[in-house]
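Okay, so here's the structure we're looking at.
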Amino acid sequence: MFICWDECGGNYLLQKEGIQSLPKILSTGRFHCNMLRSDIRPIFKEDLKPNYSQVTTTYLKGLYERLASHDPVVRASMMVAFEIQGAHMIESLGKALVATYNLEEDLSYCQAHVGGDDPLEVYHVAMTKKLLSTIVTQESKERFINEFRISYTLNFDWCRDITL
């Protein structure tokens with residue numbers, strides 16, 4: 001729930017404007033997807049449309065299937081893999097954009113996740129890992145590791161394939 005709350009800008013609002021800002025939560029400008037769009041617009045001088053290529057469509061279907069699994073070990077493995085891979089991907093994306101386009105200012109999307117003095121992605125990863133202590137028992141550790149490999153590979157392969 002925290003990750004959804006954060007991705008929709010709830011955490012940002014509370015940090016920056018306090019509890020009185022809660023009525024603003026329905027304003028979508030702080031949604032992280034919109035922060036990314038705002039960062040990209042000046043670089044490319046236009047709004048970029050999502051590209052749901054076959055590679056991305058296959059990835060999103062696999063992500064959905066694993067996150068929607070009735071098996072909590074499968075769901076947890078996907079969540080942990082998604083957050084760990086996401087942290088690497090966002091950091092790499094930010095560095096590549098800044099280097100490629102000689103940007104001097106920080107990108108708000110990347111800054112919110114992996115930059116600044118207190119990046120949120122660290123908390124996303126920590127919270128997701130803590131999830132394991134309630135879901136993965138001693139008896140299911142080996143199965144979790146196998147499921148995690150599948151989940152991480154799904155994320156890793158998608159990141160690799162969209163850069164080809």
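So here's what we get for this one:
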{"quantity": "Lysine-lysine proximity count for the chain, Cα under 20 Å, sequence distance 8 or more or distinct chains", "calculated": "5"}
{"quantity": "Label point distance in nm, D47-Y101, each placed 7 Å from Cα along Cα→Cβ", "calculated": "1.6 nm"}
{"quantity": "Contact order relative to length of the chain, as percent, for alpha carbon pairs under 8 angstrom and 6 or more apart", "calculated": "25 percent"}
{"quantity": "Carbon plus sulfur fraction of accessible area for the range 1-162, probe 1.4 Å, in percent", "calculated": "60 percent"}
{"quantity": "Rounded accessible area per residue of the chain, 1.4 Å, Å²", "calculated": "65 Å²"}
{"quantity": "The range 115-164: mean projected area of Cα convex hull, nm²", "calculated": "4.8 nm²"}
{"quantity": "Among G86, G18, G94, residue whose mean-square fluctuation peaks in a GNM of the chain (springs only between Cα atoms under 10 Å)", "calculated": "G18"}
{"quantity": "Per-pair calculated FRET efficiency, R0 = 25 Å: C4 and F156 via Cβ, rounded to 0.05", "calculated": "0.60"}
{"quantity": "Bins of 10 Å, starting at 0 and running to the largest distance - Cα pair percent for the range 45-111", "calculated": "17, 34, 33, 14, 2"}
{"quantity": "Largest-first ordering by accessible area, 1.4 Å probe, given options T28, T134, T57", "calculated": "T134, T28, T57"}
{"quantity": "log10 of Debye I(q)/I(0), alpha-carbon scatterers only, for the chain at 0.11, 0.12, 0.13 Å⁻¹", "calculated": "-0.52, -0.62, -0.73"}
{"quantity": "GNM result for the chain, Cα springs below 10 Å: residue of D71, D117, D39 fluctuating most strongly", "calculated": "D117"}
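The values are calculated or read from the model by the stated rules, or taken from the named source; none is laboratory data. Note that this is a predicted model, so its numbers are computed, not measured. Methodologically, a virtual Cβ is constructed for each residue, glycine included, from the backbone with ideal geometry; neighbour enumeration extends over all protein chains shown. We work out accessible area using only protein heavy atoms, side chains counted, and drop any ligands, DNA or RNA first. Shrake-Rupley method; radii C 1.70, N 1.55, O 1.52, S 1.80 Å.
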